[in-house]
Structure formats: C-alpha cells, structure tokens
1. Pop the C-beta distance of Asp166 and Lys25 into the FRET formula with R0 = 35 Å and round what comes out to the nearest 0.05.
2. Between Glu278 and Ala334, what length comes free when the chain is fully extended (0.36 nm per residue of separation minus the Cα-Cα distance, one decimal in nm)?
3. What nm value, rounded to one decimal, do you get for the distance between Asn2 and Lys245 when each label is placed 7 Å out toward the C-beta?
4. Mind listing which trypsin sites (Lys or Arg not before Pro) in segment 341-384 are in a DSSP loop and have 15 or fewer other Cβ atoms within 10 Å?
5. At a Cα cut-off below 20 Å, give the lysines reachable from Lys285, other chains included and same-chain residues fewer than 8 away excluded.
6. Can you give the angle from 0 to 90° between the axis of helix 175-186 and the longest principal axis of the chain, with both taken from C-alpha atoms, to the nearest 10?
7. If a paramagnetic tag sat 7 Å from the Cα of Ser443 along the Cα-Cβ line, which residues of segment 400-416 would have the backbone N under 17 Å from that point?
8. Taking +1 at the Cβ of each Lys and Arg and -1 at the Cβ of each Asp and Glu, which of Leu293, Asn199, Leu323 sits farthest along the dipole of segment 192-324 towards its positive end, judged by Cα position relative to the Cα centre?
Amino acid sequence: MNTTYDMIVIGTGVAGSTVATKAQKAGLEVAIVDERQYGGTCPQRGCDPKKVMAGISKIVDDAKRVKGLGLDGDVTLNWKDLQAFKKKFTEPVPEGTEEKFNSLGIRRYHGTASFLDPHTLKIGEHNVTAKYIVIATGAKPADLPFEGFEHLVTSDQFLEMEELPDRLLFVGGGYISFEFAQLAARLGKDVLIVHRGRNVLENHDFEMTNKLIEHTKDLGVEIHTNTEVTKVTKLDSGYKIDVKKFNHEHALKADMVFHGAGRAPNIEHLELANAGIEFSKQGIKVNENQQSLPHPHIYAAGDCADTVLPPLTPAAGEEGTRLVSHILDDKPMAPVQKPVPSIVFTYPVLASVGLSQQEAREKNIPYESESKTITKFFTYQRTKEPGAYVKILLNPSTGEILGAHFLSSEAEHLVNIFALAIQQGLTKHDLKSVLWGYPTAESDIPSFF
C-alpha cells in the first residue's frame, strides 16, 4: 500500500512533535510514526518522571533536616508510592499525544520506519512517500565494550521497577547515574558508581562536580573514578563486576547493574544506507538548516542529529522549530547562538550554562572566575541546607558573563537567569544593578561577584 504526504516525521518526542504540529498548522499534510508509545522519552522515561521522583526525595530530605524546628514526625521515602505517583504523570502521555495529533489531522502510524530510498519509508505493510522526511528518533543507551553488557538495566527499566534491590552498581558517571544513585541511597540502598574517566559529568565544571561527589558520598554512595568495567557475570544471586583501576584488577558484587554510561543516536533501524544518508557516532550529519547530507529534503533534529547543540530537551525543541522555519520560509538559518542550560536533578541540584573553566582553558579564552561557597546565605540557612556553591566566569575586560555554575537547592532557577544574561550579553554590573525581590535566591545574585 503506497501513500504520499507533504511530510513524514519519524519520532513523537519533543523534536518530532514540534515539527509535525507546526507543519500541519501551516497547511502541510503531515504523517508521523513511532516504534514505541507516542510522546517520546522526556515525558515518559526521562526528564519528567525523574523530576517527579527527585522532587519528592528533596521534600523528604528537607523535612529530615528541619525536624524539631517547627516540623515534627518522621517522614520516609516509599518506592512503591513514589512509582504510583510518577505514573499519574507518565501514563496519560501516549493517549494525550495521539489525541493532539488526531485533532490536528495528522496521520498516525505505529511501527518501525526504515528507508527504501531517499523518498520512501517502509512502515510495516505500508510504503510511505513524502516531499520532506524528518528524522527525530532520539537516543538510546550506548552499547558498552565489555563482556556481559547485556545484563545491564537501563534507565527506562529502572523507572519501571516494582522494587529496588539492596545493592546497586551504576556503570558510568553521567547524570543518569548520579540522579538515580542519590535516589536509591535516600531509600536506604547500598550504591556504587564506577566511572572509567578521571572526571564525572564531564560537560560540567569540574570544580562543581567534585563538590557534588562530596555530597553524594555523604549519602553513603561509593564512587570509583579511573575505574573501567571489563566484565559483568551473572551469578546465582546477583552479579560479579570485574573492574580495572591503574592496571590493578578487582571484583565487585551487586544485586543489579545499571547503565549510566551515556546514550547514542537511535538510528540503527532506519536503514540509512538505502537513502545514502551520512551519519557519525554523534548522529545524522546535518547543516545549519537541519538538512541531512547529501539530501536537502531529509531533515534530522534532536538527539539523533549531529549538531552543535547538546542532546537536551530544549535543544531538541529549538532544532525542531528551526527545521520547520526553514521548510516554510525557504531561507538559510543563522548559526545557533543560544546558550543551553544543563541541569542534573540531584540534591543539591547541579546546573550549568555557558563556558566551564576547563573549556575556557582548552580554547584559550580569557576569563576571570568568581567562585563562592554560599551556604551561609539566608536563602540556604533557613532550611539548614548542607552546601550551596556558585561559580561565575567573566570576560576580564568587560565583565560579560561567559559561564555560570551552581550547586544548591535553587540551582535550576538561577541557571535560567544566567542563560538569559549570556544570551543578551549582560555583564556582572547589569545583574548587580537590578532591584531583585527580597528575600529570594535571585536577590543573592549581586553578592556572587
């Protein structure tokens, strides 16, 4: 069965939904397909459910710290109740997404899409042709180069577990590992993180990640850096994890082993070779218009595309918007200049935007660094927060904000203020001159410098 549309979108996450919705509203006849439930990773298996769980965990942590200061009684985390609450947010997503597409008149397909040629996709028994094809298939856990890799549990599976085991080991020192490791530790579990590199969370400022390591260890989490997993073996009860550190071999044991070592573009099933589409380890190669190489009618956006933006939800939405604008206006897009905040929903929260100190050094960019412990500020003393830190990178000549890094309960809010400051080219003097509402986390900003 052959069907033709103006546009077919592969993937129903942030990038795909943005493209399909905007294109359909602009008058194009659009179809969309997904191999999984509609809605994508972020609202079902990523950002949103993690934030729900982290939010409840934060409330419990705060309550324990201020017990006896006007708050009485014991508060504890309950995994089953936490799961049930999380599902109130995730379970409506597929149906709600499909209803939205249906109300707009977007034709929906379910199944795996693969290229037959540069203009045709095979979806089950359907051959679908389109003037424009948009690939927005997101990312998946990266394959890891050691024996027994198949035993690792993914973040998707972690979020659906009915019970957590007593001893958990996370492979990799990325945001998934730290977010889930802290949650498990607060649930009273024994937790280990094993990371092959020297520095965890390598896209964040290392001074700040080292402080996060200290706070995570205070929860009882063991963190092993410069430690490479070489083999995972399933035992009658649990797993043996062989590791190597500085040429010394060791064996660790855990009830379950989790994948927290990064994600890779989800493009293997697309049969890109049939369309001659170029790709790299970072994803489908595209130009500034999100057009694939060498076919300008095939676009890619989000985590499956090899672009200058990081694989984060705001970036996926931005790329989807740029893509549609190029198709509708038929004008070259200017290079992306917007800074993208990156947030790790641990507690305290780690948030960064702009240049890190190590990045400034590597690129020989002149900078001044303002780094402070702000734990004694009223904002954090009033809830007995154990640690709060800020680090700002400035242009030494103009005072312009180059980078901002936070580790505190207010980090996720402060980072957005500084993203705006960087995008608008503001200086520290501009931020100090604002009359901020008091007492708030924002009213602390003048004291950061």
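1. The value I calculate is 0.10.
2. That pair, Glu278 and Ala334, stretches by 17.9 nm at full extension.
3. It is 6.2 nm.
4. Qualifying residues, ordered by number: Lys363, Lys376, Arg382, Lys384.
5. Cα-Cα hits under 20 Å: Lys131, Lys140, Lys331.
6. Helix 175-186 sits roughly 50 degrees off the main axis of the chain.
7. Output list for this probe position: 410, 414.
8. Going by the charge dipole, the pick is Asn199.
Any read-out appearing in this document is the output of simple, stated calculations on the displayed coordinates, not a laboratory observation. Since the model is a prediction, treat every value here as computed from it, not as a measurement. Virtual Cβ from ideal backbone geometry, glycine too; neighbours counted across all protein chains shown.
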